[in-house]
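Some notes on the structure that comes next.
The values are calculated or read from the model by the stated rules, or taken from the named source; none is laboratory data. All figures in this text were calculated on a predicted structure; none of them were measured in a lab. Backbone-built Cβ (ideal geometry, glycine too); neighbour counts: all protein chains shown. The accessibility values were calculated without ligands, DNA or RNA, using every heavy atom of the protein model including side chains. Shrake-Rupley method; radii C 1.70, N 1.55, O 1.52, S 1.80 Å.
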Amino acid sequence: MPSPKLYDLNHSAIWAKLHQHQRATRHLHMRELFEADPARFDKFSLRLGPLLLDYAKHRVTERTLALLFELAETAQLSHWRDQLRRGAPINLSEGRAVLHMALRGTASDDYCVAGQSVMPAVLAVRARMADFAQRVRSGVWKGFDGQAIKTVVNIGIGGSDLGALLACQALVPFADSGLTVRFVSNLDGQHLAQTLADLNPATTLFIVASKSFTTPETLLNAEAARDWLLRTAPASAVAQHFVAVSSQTERVCAFGIDPVNMFEFWDWVGGRYSVWSAVGLPLMLAIGEAGFDQFLAGARAMDTHFFTAPFAQNAPVIMALLGVWYNTFYGAHSHAVIPYDQGLARFPAYLNQLDMESYGKRVGQQGETLDFDTGPIIWGEVGVNSQHAFFQLLHQGTRLIPCDFVVPMHTHYPVGQQHAALVANCFAQSEALMRGKTDAELLVELADLPDDTRDMLLPQKRFLGNQPSSTLAFEAITPYSLGMLMALYEHKVFVQGVIWGINSFDQWGVEYGKQLARRIEPELHHPLPLTHDASTNGLIAHYRAQHSPH
Ligand code: F6P
């Protein structure tokens, strides 16, 4: 099948039809849609194993969804989904396949790149990880003075940090080995210094995670960590206290890490999609091989669902099309993600990278300039804290901001009545955002007030509602359900990219700033001529003055 020219999609009949449909339906209030159809929840919700997706609180009708599915058909989503599954080089600008699904595959899967199965290599690395994790967890792996490892410090950034950090925090209740796992990503020395402050070098293991093994933040932190170790340990201790996760063996060796202690991954794994690879080693160390297998199994179940379910019952497809509906047809600029679970506190940060590094593109796959908006700004914070911070803007601000609520039905921390109260808050927020309050309801509330006070308060207290949200309700956060959740969003990202015709798998935009930083750093220390703009020159001169001996 010839590749469709996706950038023509916005000149297609279905694109125009959706714009027309938006104009015709934008006056509809969800409150009325619910009143008119008692079966709305049944129609617009999906159950997948431990996950319930409720997408009834959206500004859509059955017709809207039918049109959005037609849009997906026109964008040849099935074709692109098949290309993804087959390991075609759909990351065109880097000439790479996109096969992170293989990382959660089994021996019976047939994920191939250029006609070669990748499964033997994937399974071999996973087996090495399991062996290593078992040795560290059981205390067989010793530090330089013969003590067992007590703390693992992952040094990495972006995709070599966020997914594993999220998973380790979310799955603390499953961490059964007594190991503590910490993460260092920031170049600010405070992060490393504070992380190491109470640690004993003899019982600390560092994982240096970097696909490229050129990322300065990670390498500088790793060098500083090595110096910290070698203040009390002999040079030979590096082999016992440093392992690497990378696709670059030579650079790992150049750093001084024995390739025997390197866990490989491949160029067909994007950094932000890599937690299922050896990048997930901190998680395997924390929850063990069986727990990690469950994490992969949850993601694999989501893969099967995504690859086989018809669009109308396909959770990633539905979430992606709703995203396109608001972004492209409503002009919504942002999307909030609110996890009602302390363990998922870093979920918004993880999605910042997954979503915004994927969609931060103004050109399509073929380099054509797109004349419509692509990725939204993803933001969020745990509920209920966010209710006391920015929910005012969601309830009474001027912008349309779709939200995703993520909430487990059971907690691992049954403290008092807190979990029921937490869940009640989550459900209440989505209801309030959807319903708003009618003036008639407000007038009843304000009935006892004098007329002029009531007239003054009425507009202040008005809640228009009609703010859309999805709720992802899990039985409980487990390795399996977390795997499902993270894979769900990965596939959502893929689908939106197909509709918009962009490459969701490259990230050229982050390179330029890195180049300039490399140029500016020596200029801070040496009296080199400054040839930047006046503002940047001024800032560099200011730094120099602060560091001048006089
Ligand atoms: O931020 C840019 C980026 O390349 C991300 O895509 C990636 O996840 C991160 O840096 C870390 O890269 P590496 O794993 O190569 O150190």
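How about segment 368-460: which trypsin sites (Lys or Arg not before Pro) there lie in a loop by DSSP and see at most 14 other Cβ atoms within 10 Å? All intermediate terms of the calculation are to be shown ahead of the outcome.
Numbers: sites: 399, 435, 437, 454; in loops: 399.
Those satisfying the criteria are 399.
In plain terms, the bigger the Kirkwood radius, the slower the diffusion; for segment 51-181, with that radius from Cα pairs, at 37 °C and 0.692 mPa s, Stokes-Einstein puts D at 171 µm²/s.
The accessible surface of segment 183-340, taken with every protein chain in place and a 1.4 Å probe, is 51 percent carbon and sulfur.
Taking every protein chain into account, the 1.4 Å probe leaves residue 28 with about 50 Å² of accessible area, to the nearest ten.
On alpha carbon coordinates alone, what is the Rg over Rh value for segment 328-438, Rh being the Kirkwood radius?
Numbers: Rg = 16.5 Å, Rh = 15.7 Å.
Reported Rg/Rh, Kirkwood definition of Rh: 1.05.
Treating each Cα of segment 133-285 as an identical point scatterer and summing with the Debye formula, the log10 of I(q)/I(0) at q = 0.13, 0.15, 0.18 Å⁻¹ comes to -0.52, -0.70, -1.06.
Shape annotation for the chain: C-alpha extents along the principal axes are 79, 63, 59 Å, from largest to smallest.
Computed from Cα positions, the angle between helix 451-461 and the longest principal axis of the chain comes to roughly 40 degrees.
The charge dipole of segment 405-467, taken about its Cα centre with unit charges on the Cβ of Lys, Arg, Asp and Glu (plus for the first two, minus for the last two), comes to roughly 360 debye.
The Rg/Rh ratio for segment 67-141, using Cα coordinates for both the radius of gyration and the Kirkwood hydrodynamic radius, is 1.19. Between helix 534-547 and the chain there is an angle of about 50 degrees, using the helix long axis and the longest principal axis of the Cα atoms. Bridgeable lysines around residue 142 (alpha carbons under 21 Å apart, same-chain partners fewer than 8 residues away excluded): 150.
Cβ under 11 Å from residue 543's Cβ, residue 543 left aside: what net charge do those residues give with Lys, Arg +1 and Asp, Glu -1? Display every interim value, and only then the final one.
Working: positive: 544; negative: 521, 523.
Charge balance in the 11 Å sphere: -1.
For the chain, the longest principal axis of the C-alpha atoms and the axis of helix 216-230 are separated by about 40°.
From the C-alpha coordinates alone, can you work out the Kirkwood hydrodynamic radius of segment 258-390, in Å? Please list the in-between numbers first.
Working: mean 1/r = 0.0566 Å⁻¹.
About 17.7 Å, per the Kirkwood formula over Cα pairs.
If the only charges are +1 at each Lys and Arg Cβ and -1 at each Asp and Glu Cβ, what is the size of the charge dipole of the chain around the Cα centre, to the nearest 20 debye?
Numbers: 43 positive and 52 negative charges, 102 e Å.
Roughly 480 debye for the chain.
When the surface is traced with a 1.4 Å probe over the full set of protein chains, residue 110 keeps roughly 90 Å² accessible. Which whole-number percentage describes the relative contact order of the chain, with Cα contacts under 8 Å and a sequence gap of 6 or more? For the chain, the relative contact order is 19 percent. In summary, the aspartates and glutamates within cross-link reach of residue 17, defined as a Cα separation below 18 angstrom excluding same-chain residues under 8 places away, comprise 8, 62, 70, 73, 371, 373. Estimated from helices alone, the mean residue ellipticity of the chain at 222 nm is -14000 deg cm²/dmol (sum of -39500 (n - 2.57) over DSSP H runs with n ≥ 4, per residue). For the cross-link pairs 57/461; 437/492; 361/514, the ones whose C-alpha atoms lie over 29 Å apart are 437/492.
For the chain, which longest stretch is free of loop sites, where a loop site is one of the GluC sites (Glu not before Pro) that DSSP puts outside H, G, I, E and B and that has at most 15 other Cβ atoms within 10 Å? Can you show the working numbers first?
On the way: sites that count: 368, 475.
It works out to 1-367.
Computed on the Cα trace of segment 1-106, the radius of gyration divided by the Kirkwood hydrodynamic radius gives Rg/Rh = 1.07.
Can you tell me what share of the DSSP beta bridges in the chain is antiparallel? A percent to the nearest 5 is fine. Spell out each step's value before the answer.
Working: 14 of 44 bridges.
Rounded to the nearest five, the antiparallel share is 30 percent.
In the context of the full set of protein chains, residues of the chain present 43 Å² of accessible surface per residue (probe radius 1.4 Å, heavy atoms only). Relative to the Cα centre, the charge distribution of segment 332-423, modelled as +1 at Lys and Arg Cβ and -1 at Asp and Glu Cβ, gives a dipole magnitude of about 180 debye. The phi torsions of segment 501-515, fed into the Karplus equation with coefficients 6.51, -1.76 and 1.60 and a -60° offset, translate into couplings of x, 10, 8, 7, 10, 10, 7, 4, x, 8, 6, 4, x, 5, 4 Hz, rounded to whole numbers, with Gly and Pro shown as x. The trypsin sites (Lys or Arg not before Pro) of segment 169-256 meeting both criteria, a DSSP state outside H, G, I, E and B (loop) and at most 14 other C-beta atoms within 10 angstrom of the site's C-beta, are 231.
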